[in-house]
Amino acid sequence: MGTIVKIMSHIHIKNLHKSYLDRSPNTSKKKDHRISVLENINLEFEDGEMVCILGPSGCGKSTLLKMIAGFEKPTSGKVLIDGQPIDGPRSDNIFVFQHSGLLPWMTVWENVALGVRHMTDTVKKETRIQDHINMVELTGFEYHYPHQLSGGMLRRAELARALAVNPNTLIMDEPFSGLDFLTHMKIREEVVNMHELIKKTTLVVTHDIDDALIMGDRIIVMSDRPAQVKLEQTLNCGRPRNLGEDKQLKELRDEIFFMLGVSYAV
Ligand SMILES: Nc1ncnc2c1ncn2[C@@H]1O[C@H](COP(=O)(O)OP(=O)(O)OP(=O)(O)O)[C@@H](O)[C@H]1O
Ligand SMILES: [Mg+2]
């Protein structure tokens, strides 16, 4: 009997600093003046964990995700995945979920198929594609093009495409932006259910504190730029979560609002 080997995805961020060249006009004379974006970040993400990252706009959240995905290099410090330093994009085991990630000239089926084009067994490949389309409830829309879908359906198709790749780590940068209230809630619920089912390491950057409280196994709040970790809180409450009734979540919600510069929670 074959042994099932579960590929781990443990991410370790060590003394990470990132700065960019300052291109503002008043610093043009000092040619190598740099803007510090991330300062001494030390974080670990456990295999299978869902971590939500909050922080003010422009503080460096997307930059942090880009370095984990290998799209950007640290100025100093390291990002290790299972002990190995990252030296470039690793599309085989990290998938970055981005809004507008579908190719407009391809159908839903073809877009989802893109992530599994390396599979040689046609039957297995087609099953994988169909299973993921079914999972996001787009059965019957396989041959629709992106412009023929609603906003929520588009987002579900993007999710199917991300998951069909079967990545060890899923990185989501503001996955619900631009969705209406109800679709946002529904798709958030789907992401939580999907995570319960497949238990992939999932990093979600969001501006919505309630998203983080509903979804995260852990919440990280970053400070203004240069971003440092301001708060790291594990949530030991089960799911589904009720923000109106859970005292711990309510108190944490107020604390995070205050931390992000809003004196009363809405
Ligand atoms: N390639 C780049 N070159 C120069 N500066 C950059 C680059 N990428 C990001 N920055 C700067 O780094 C800072 C952080 O940007 P980043 O996109 O990480 O912020 P963010 O926290 O994701 O913001 P938001 O919440 O608005 O998406 C910004 O000041 C931005 O101008
Ligand atoms: Mg961003």
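The values are calculated or read from the model by the stated rules, or taken from the named source; none is laboratory data. What you see is a predicted model; the values in this text were computed from it and never measured. No Cβ is skipped: glycine too gets one built from the backbone with ideal geometry, and neighbour counts run over all protein chains shown.
Table for the structure above
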| read-out | value |
| --- | --- |
| Residue ranges of helices (runs of 4 or more DSSP H) in the range 174-264 with at least 3 members surrounded by fewer than 20 Cβ atoms within 10 Å (Cβ to Cβ) and on the phi < 0 side of the Ramachandran plot | 181-198, 247-259 |
| The range 201-220, residues that are under 16 Å from Asp173 (Cβ atoms), in contact (Cβ under 8 Å) with a residue 40 or more places away in the chain and charged (D, E, K, R) | Asp211 |
| Which listed residue, of Glu110, Glu137, is charged (D, E, K, R) and modelled with pLDDT of 95 or more | Glu110 |
| Count of residues meeting criterion [away from ligand 1 (no atom under 16 Å from the Cβ) and under 12 Å from the mean Cα position of the chain (by Cα)] in the range 170-187 | 1 |
| Scan of the range 165-200 for residues that are within 16 Å of ligand 2 (Cβ to nearest atom) and touching a Ser or Thr at 6+ places or on another chain (Cβ under 9 Å), ordered by number | Ile171, Met172, Asp173, Glu174, Pro175, Phe176, Ser177 |
| Residues (part of a strand (DSSP E or B), in contact with a helix residue (DSSP H, G or I) (Cβ under 6 Å, 6 or more places away or on another chain) and either away from ligand 1 (no atom under 16 Å from the Cβ) or farther than 23 Å from Asp211 by Cα (or both)) located in the range 41-77 | Met50 |
| Number of the condition not met by Val5 [criteria: (1) more than 14 Å from ligand 1 (Cβ to nearest atom); (2) surrounded by 13 or more Cβ atoms within 10 Å (Cβ to Cβ); (3) modelled with pLDDT under 95] | (2) |
| Residues located in the range 151-171, provided they are assigned to a strand (DSSP E or B) and among the small types (Gly, Ala, Ser) | none |
| Output for the range 51-80, where each listed residue is of a type in the set (Val, Ile, Thr) and either within 13 Å of ligand 2 (Cβ to nearest atom) or over 19 Å from Ile220 (Cα atoms) (or both) | Ile53, Thr63, Thr75 |
| Count of the range 83-98 residues which are within 17 Å of the chain's Cα centre (by Cα), in a loop (DSSP other than H, G, I, E, B) and crowded, with 17+ Cβ neighbours inside 10 Å | 1 |
| Out of Leu80, Leu38, sole residue that is in a strand (DSSP E or B), more than 15 Å from ligand 1 (Cβ to nearest atom) and surrounded by 14 or more Cβ atoms within 10 Å (Cβ to Cβ) | Leu80 |
